[in-house]
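Engineer: Structure provided below as structure tokens; questions to follow.
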Amino acid sequence: MTTTATEATTAQAAVVSFDQVSKAYGDVRAVDGISLDLHPGETVALLGPNGAGKSSTLDLLLGLRTADSGTVRLFGTSPQEAIAEGRVGAMLQSGGLMEDVTVAELVRLVCDLHPRPYPVSDVLARAGIASIADRMVNKLSGGQEQRVRFALATAGANDLIVLDEPTTGMDVTARQAFWATMREQAEQGRTVLFATHYLEEADAIADRVLVLHKGRLLADGTAAEIKARAGARRISFELEGPVDEVALRGLPFLSTLDINGNRIRIQSHNADATVHAVYALGLYPRELEVAGLGLEQAFVAITEAEEARTA
């Protein structure tokens, strides 16, 4: 099949390109026919429950695993070539750090190996670890180890930064500083791809969200689009007197119902009809609030709907 000039230009423009990529381990399809493109300057969150295929997808992207079928390209070439050129920085959960060296020695080593290194002092300062530069790596806390991994991932002028659960173990202040640095990287035209269990981070930081489930790409869009796709809205109110749970469970378009004393929380696929039905029951809700789902609730709704579809 002949590649058109437009297709070639698009392929070159993509920082990451997955074309019908699959990877299985025995009977388990960890990655199942994923196709997607990532572009310069995007900050992309990769979400999914445990076993969704996030780590396998990142392993394929970084050339740590080979796809059973389909192709993975970084900057129009293979992952191995792109990494050898110093275009990719990665911060992974797996793999330990060298222990019998100081933080500064480890960072200096990685800077020396990078084709386009930054000054060691700049790398230490950016990661917030200048104050522990002389500390032995095996004496670090979990949060400090994460910041060292971040320093190693950003030791040079990478065009793509891949982060797997980057803020695990960090306190609130360290997280805020970390994401401020990541925003700066994206503003400079770099692509940032991160997998996280902290959905509030994805909501606040990412301008694009990918939802994986059982190796398949279920959703791809902005956080607002993912929330809208879930289709449900949140309804919250208080009732006076005894709460009739049976009557409330009979409300139309009900997705979930949570009763905590006199506080009622509902997810509905037609909030207007559900609220109208509440009044039709002769109830008079106080402090009535209707709002869209947060990213976490939308994520749960999308994955639960897929579980129900494939059950």
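The values are calculated or read from the model by the stated rules, or taken from the named source; none is laboratory data. Because the structure is a prediction, the values reported are computed rather than measured. Positions of Cβ are backbone-derived with ideal geometry, glycine not excepted, and every protein chain shown enters the neighbour counts. These accessible areas exclude ligands, DNA and RNA; they are computed on the full protein's heavy atoms, side chains included. Shrake-Rupley method; radii C 1.70, N 1.55, O 1.52, S 1.80 Å.
Engineer: On the given criteria, is GLY282 at pLDDT below 90, over 30 Å from ALA202 (Cα atoms), of a type outside the set (A, V, I, L, M, F, W, C) and not in a strand (DSSP E or B)?
Structural biologist: Details: at pLDDT below 90: no; over 30 Å from ALA202 (Cα atoms): yes; of a type outside the set (A, V, I, L, M, F, W, C): yes; not in a strand (DSSP E or B): yes.
Spelling it out, it is not the case that GLY282 is at pLDDT below 90, over 30 Å from ALA202 (Cα atoms), of a type outside the set (A, V, I, L, M, F, W, C) and not in a strand (DSSP E or B).
Engineer: Something else: Conditions first: (1) within 18 Å of the chain's Cα centre (by Cα); (2) within 20 Å of VAL211 (Cα to Cα); (3) touching a residue at least 12 places away in the same chain (Cβ under 8 Å). GLY33 passes all but one, so which condition is the exception?
Structural biologist: Condition (1) is where GLY33 drops out.
Engineer: Also: Tally up the residues in the range 77-91 that are open to solvent by 40 Å² or more (accessible area, probe 1.4 Å) and either of a type in the set (Asp, Glu) or more than 12 Å from LEU61 (Cα to Cα) (or both), please. Don't jump to the end; show me each part of the working.
Structural biologist: Let us first name the residues in the range 77-91 that are open to solvent by 40 Å² or more (accessible area, probe 1.4 Å), namely 80-81, 83-85, 87, 90.
From what is left, the residues that are either of a type in the set (Asp, Glu) or more than 12 Å from LEU61 (Cα to Cα) (or both) are 81, 84-85, 87.
Number satisfying all stated conditions: 4.
Engineer: Residue pairs, Cβ under 6 Å, 6 or more apart or interchain, first in the range 181-198 and closer than 17 Å to ALA155 by Cα, second surrounded by 14 or more Cβ atoms within 10 Å (Cβ to Cβ) and among the small types (Gly, Ala, Ser). List them.
Structural biologist: Between residues of the range 181-198 that are closer than 17 Å to ALA155 by Cα and residues that are surrounded by 14 or more Cβ atoms within 10 Å (Cβ to Cβ) and among the small types (Gly, Ala, Ser), the close pairs are ALA186/GLY41; GLY189/GLY41; VAL192/ALA186.
Engineer: Which residue is nearest to ALA223 (Cα to Cα), if the candidates are limited to the range 47-66 and must be in contact with a helix residue (DSSP H, G or I) (Cβ under 7 Å, 6 or more places away or on another chain) and surrounded by fewer than 18 Cβ atoms within 10 Å (Cβ to Cβ)?
Structural biologist: At the first step, the residues of the range 47-66 found to be in contact with a helix residue (DSSP H, G or I) (Cβ under 7 Å, 6 or more places away or on another chain) are 47-49, 61-63, 65.
Then keep just the ones that are surrounded by fewer than 18 Cβ atoms within 10 Å (Cβ to Cβ); that gives 49, 63.
Values: PRO49: 17, GLY63: 28 Å.
Per the criteria, the residue is PRO49.
Engineer: OK, next. What pairs can you find where one residue is in the range 215-236 and within 11 Å of GLY292 (Cα to Cα) and open to solvent by 20 Å² or more (accessible area, probe 1.4 Å), the other is among the charged types (D, E, K, R) and in a helix (DSSP H, G or I), and their Cβ atoms are less than 9 Å apart, with a gap of 6+ or different chains?
Structural biologist: LYS227/ASP203
Engineer: I'd like the full set of residues that are open to solvent by less than 40 Å² (accessible area, probe 1.4 Å), of a type in the set (Ser, Thr, Tyr) and not in a helix (DSSP H, G or I), limited to the range 148-196.
Structural biologist: Passing the criteria: THR154, THR167, THR191, THR196.
Engineer: Please enumerate the residues belonging to the range 239-262 that are in a strand (DSSP E or B) and either touching a Gly at 6+ places or on another chain (Cβ under 7 Å) or surrounded by 14 or more Cβ atoms within 10 Å (Cβ to Cβ) (or both).
Structural biologist: LEU254, SER255, THR256, LEU257, ILE259
Engineer: Which of the residues that make up the range 92-103 are at pLDDT 95 or above and surrounded by fewer than 19 Cβ atoms within 10 Å (Cβ to Cβ)?
Structural biologist: VAL101, THR102
Engineer: A follow-up question, please. Looking only at the range 134-147, count how many residues are assigned to a strand (DSSP E or B) and under 20 Å from the mean Cα position of the chain (by Cα). Steps first, answer last, please.
Structural biologist: Going through the range 134-147, the residues assigned to a strand (DSSP E or B) turn out to be 136.
Now drop any that are not under 20 Å from the mean Cα position of the chain (by Cα), which leaves none.
Count: 0.
Engineer: Taking the conditions exactly as written (at negative phi, among the aliphatic types (A, V, I, L, M), in contact with a Phe, Trp or Tyr (Cβ under 7 Å, 6 or more places away or on another chain) and at pLDDT below 95), does ALA153 satisfy them or not?
Structural biologist: So ALA153 does not fit the description; no.
Engineer: Give the number of residues within the range 199-214 that are assigned to a loop (DSSP other than H, G, I, E, B) and either more than 11 Å from the chain's Cα centre (by Cα) or buried (at least 19 other Cβ atoms within 10 Å of the Cβ) (or both).
Structural biologist: 2
Engineer: Kindly list the number of the only condition in (1) surrounded by fewer than 21 Cβ atoms within 10 Å (Cβ to Cβ); (2) in contact (Cβ under 8 Å) with a residue 24 or more places away in the chain; (3) among the hydrophobic types (A, V, I, L, M, F, W, C) that fails for LEU74.
Structural biologist: LEU74 satisfies all of (1) surrounded by fewer than 21 Cβ atoms within 10 Å (Cβ to Cβ); (2) in contact (Cβ under 8 Å) with a residue 24 or more places away in the chain; (3) among the hydrophobic types (A, V, I, L, M, F, W, C) except (1).
Engineer: Being of a type outside the set (Val, Ile, Thr) and farther than 29 Å from GLN297 by Cα narrows it down to one of SER56, SER35, SER22, SER131, so name that one. Reasoning before the result, please.
Structural biologist: Details: SER56 fails: farther than 29 Å from GLN297 by Cα; SER35 fails: farther than 29 Å from GLN297 by Cα; SER22 fails: farther than 29 Å from GLN297 by Cα.
It is SER131.
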